[in-house]
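Single-structure report; data block below.
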Amino acid sequence: MGVFKRASTIIKAKIDKIMNNFEDPRETLDYSYHKQLELLQQVKRNIATVITARKRIELQKNKIEEEIKKLDKQAKDSLKADREDLARLAIERKKQDEITLADLSKQIDDAKKEEEKLVETEKKLSAKIETFRLEKEVIKAKYSSAEAEVRVKEAIGGISEEMADVGLAMERAREMTDEMVARSDALDEMGEIGVIDDMERDDIDRELRRARLTTEVDEELERLKKEVEDQ
């Protein structure tokens, strides 16, 4: 693989990795699940708020009920003491408290209804979130498996491409080696029959340089083989 082609492959791989990380559906699912849990916690906090308010109203109601009993007794005691004016005053206060008591009872009923609605919402939301969680894990597992499979296939494709390049290099090296061997044999034969003279010594030097090139080609071939095996 050429330098520029290899660099292009590396850059593409890095860009793909960045895009995959940015669009990773597993992160999107986890984020959605987290937001749903936040919503569930908010519903639970609302339930706690409504229950607290109801309890506070019930405490006020209990106090009013005790006060009504007290005023009723005071009215009776006042009549026994022939103090109708005090009895009337006690009864008036009792009636006011009864109106307040009725209002508090209505508030308690409304709070209970709101509480029941929120509890039902919390149950449905909890069930929905649990279903989402299970589906989320299944999808994440499938995505991870598919991602691993893609990585393996990409790696195999890269190795195949590398092997093709190495095969071409090996074939070229064989051709050059065969040519050099043939020339060397020809020179030996020409030397034996006295065809080569002093003026052809330069040609011999050139052939020797080519022989060294063959050695360098063999070394480069071995390096490529080792590089492929290490991948």
The simple spin-label model distance between E66 and F132, using points 7 Å out along Cα→Cβ, in nm, is 4.7
So for R0 = 35 Å, FRET eff. of R172-E149 from the Cβ-Cβ r, to 0.05, ends up at 0.50
Quick tally, 1.4 Å probe accessible area for L39, L224, L89, sorted with the most first, runs L39, L89, L224
For K76, the accessible surface traced by a 1.4 Å probe with all protein chains present amounts, in square angstrom to the nearest 10, to 120
Rounded to whole Å², per residue accessible area for the range 18-145 with a 1.4 Å probe reads 73
Interchain or sequence-distant (5+) residues whose placed amide H lies within less than 5 Å of the amide H of R83 are none
Taking a label point 7 Å from the Cα of K95 along Cα-to-Cβ, the residues of the range 46-73 whose backbone nitrogen sits under 12 Å from it are none
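Express in nm, to one decimal, how much length is gained between R26 and A81 on full extension, taking 0.36 nm for each residue of separation and deducting their alpha carbon distance.
Roughly 11.5 nm would be gained on extension.
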Taking Lys and Arg as +1 and Asp and Glu as -1, residues besides E66 with C-beta under 14 Å from its C-beta add up to +1
Karplus ³J(HN,Hα) for the range 98-110 (6.51 cos²θ - 1.76 cosθ + 1.60, θ = phi - 60°; Hz, whole; x = Gly/Pro) runs 5, 5, 4, 4, 5, 5, 5, 4, 5, 4, 5, 4, 5
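The values are calculated or read from the model by the stated rules, or taken from the named source; none is laboratory data. Note that this is a predicted model, so its numbers are computed, not measured. Here Cβ is always computed from backbone atoms with ideal geometry, including for glycine, and neighbour counts include all displayed protein chains. Please note that ligands, DNA and RNA were not included when accessible areas were found on the heavy atoms of the full protein model with its side chains. Shrake-Rupley method; radii C 1.70, N 1.55, O 1.52, S 1.80 Å.
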